1. Divide by every residue of chain B the summed helix terms, -39500 (n - 2.57) for each DSSP H run of at least 4, and state the resulting mean residue ellipticity at 222 nm, rounded to the nearest 500 deg cm²/dmol.
2. Towards the positive end of the charge dipole of segment B:116-192, with charges on Cβ (+1 Lys, Arg; -1 Asp, Glu), say which of B:ALA161, B:THR123, B:ILE174 has the farthest Cα.
3. In peptide A:102-114, how many Cβ atoms from other protein chains are near each Cβ within 10 Å, on average?
4. Count charges around A:THR142 for me, please; just the other residues with Cβ under 10 Å from its Cβ, Lys/Arg as +1, Asp/Glu as -1.
5. Check which residues have an amide H placed less than 5 Å from B:LYS12's amide H, if you skip close sequence neighbours.
6. Amide H to amide H, which residues 5 or more places from B:ASN204 or on other chains are under 5 Å from it, using H placed in the peptide plane?
7. Once the dipole of segment A:43-114 is set up with Lys and Arg at +1 and Asp and Glu at -1 on Cβ about the Cα centre, which of A:GLY94, A:SER68, A:GLY56 lies farthest towards its positive end?
8. From the residues B:ASN94, B:LEU220, B:ASN59, which one has its Cα farthest along the dipole of chain B in the positive direction, the dipole being from +1 and -1 charges on Cβ of Lys/Arg and Asp/Glu about the Cα centre?
Amino acid sequence: MPIHEKTLIRPENLVTHEHLEIDGVDVSGHWSTFIESRAVTDYNENLQEEISALAGGENIHRCWQCGSCTNACTVNAINPDFNPRYWIYLIRMGMEEELLRDKDIIWQCVSCNKCTYACPRDVVPEGVMKATAHWLELKGHTPESPSTIFDDGFSQQVFDTGKIEDSRVMRGFFKGTGQSLTQPWLVAMVTGLIKRFPLFYLIRMGWQTVFRPKTRGWGRASRAIHEYVEEVEAANRAALGLDAKGAK
Amino acid sequence: MPKDLKDPSLKKVAYYPGCALEGTGHAYNKSTKAVGKELGLDLVELKNWNCCGAMEVKNIDPNIQTYLSARNLSIAEDMGFDTVMAPCNGCYHNLKKAEYDLANDEGSKEVNARLSGKAGHATYAPGKVETIHSLDWIKRAIGEEELSKRVKNSLKGLKIANYYGCMYSRPRHIFPEKDKGEGSESTSKPHFMDDLLAAAGAENVDYPLKTACCGGAHTLSDSDTSTKLVLNLLTTAEACGADVIATECPTCHTGLEMHQIRAEKVLGRKTNVKILYFTQLLGMALGLSAGKVGVNENFSDSRALLKEKGLG
Ligand code: SF4
Ligand code: SF4
């Protein structure tokens, strides 16, 4: 498959003529106008360097475009637009505008590492997906994805107390993304269990809400981690040429 | 100590349950401990352990995740253990990854030393503690032969699809002991759970999605994707003739249960295959009651099926 397969057959490049004849040939119907817009001039020469400065992106330069990652990819199987091989190509070429067309789905990588398992060049495409999603947010191209909101809420709990408690993570996430905790499927799930096993379930939920699980003596580790996170965030912003606050 | 114990050093190991086993995965914790007790194996829980960072902390920074696991490994070492058993795929994976990164990546090593120093505990050096999964533990400490002798209530007639998920075998490089031929675990077609359940009398179906992904990393943040992935796991298991999907990870297990219900409520796709931890199945085969292995705590209600098969 040619490297440019996707650019060439975008719906917006298709034209339709009900009756059109050129040089005596009937070309009525749909056809692609890709030939009109081939020249790319808006390269971002720093793109690969920026992505590889973020955690996970370090090995992107090794990619030889074999496509094994996309072929193995879990998300690609349900959404053909999810194409790690293609995004790695765009990043290496500096084709930022083209990459931005897919900015809303890159975060959907489920970290299954099927790509990493298949990659013959140790690129760790899973890491590249995470670095790219991170880059999109730091540069302000996308708002924080639900995944980032989840990761942040979860990690803050770990950094603060050393442990997490899943119902708290869940409540925090639903609040952070403005979703209701009374979605029918969630209600069905919980009530099904409570019907069978009311006491145990309610006691456990209640207990864990009041007595948050904690790692004893975590204070110093917590401070050390928080300090380190600040350091990493500053380094990430510097690598992307952003000011101290970054573009959010 | 039973005579034919294969690896006697595994009779007593350090135990790292992890956060999920204290929350939604409680039944896995309960059934793992119950099976261990029944088989005469000792678990000594790590003192003051911390979260391994699951699938999330690495997205803030992978070195912090390495530190979190290194702290747990240093606790095991302090307690005098050279083996730690983690039943959760996420914990198991992260401890393995930390072991690999500390041996091969200067950056992780440096950050681990710095954070350990500031936190005031010993810096874990790789090679001191081996991390094993609950599957390795039972397989290596007891083995199929001994296990089959201990079975009081055979799983005969129960058709099982064994589901291992992603973190148990990928990426390959953090599991140097796998893919070593005869007797070792395979990363492409794992079989340790199949082996143990077969020894307990179950009939394993040929399940092609053993190592497919359940979307666990985005089970809440991208529920539609997870539901599609899980529905595929469930319908394929049913097409293979399975009554039960056996799991060995709390995230996979809860994901399968949640999205089975979600697929029914949101997509109108109902499936009947039941979801049980492999330790719940082994426990019942060893003669423990369904209650003792926490079957009531599962969202997936398997009571009628177990009754029909004369289990629990
Ligand atoms: S880790 Fe992400 S990119 Fe890689 S195969 Fe899985 S979903 Fe696809
Ligand atoms: S599998 Fe590896 S080398 Fe092949 S296209 Fe994907 S990242 Fe590049």
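Every read-out reported here was derived from the displayed coordinates using simple, explicitly stated rules and does not represent laboratory data. A quick note: this is a predicted structure, and the numbers were derived from the prediction, not measured. So basically every Cβ, Gly included, is an ideal-geometry build from the backbone, and we count neighbours across all protein chains shown.
1. On the way: 12 runs with 137 residues, N = 312.
Only helices count here, giving -13500 deg cm²/dmol.
2. Ranked along the dipole, the leading option is B:ALA161.
3. Working: counts 0, 0, 0, 1, 0, 3, 7, 3, 14, 12, 12, 9, 6.
The mean count of partner-chain Cβ atoms within 10 Å per residue comes to 5.
4. On the way: positive: A:LYS103, A:LYS139; negative: A:ASP104, A:GLU137, A:GLU144.
Result for the neighbourhood of A:THR142: -1.
5. Under 5 Å from the amide H of B:LYS12: B:ASP42.
6. Amide H to amide H, under 5 Å and 5 or more residues apart or across chains, B:ASN204 pairs with B:ILE160.
7. The Cα lying farthest towards the positive end belongs to A:SER68.
8. Positive-most Cα among the choices belongs to B:LEU220.
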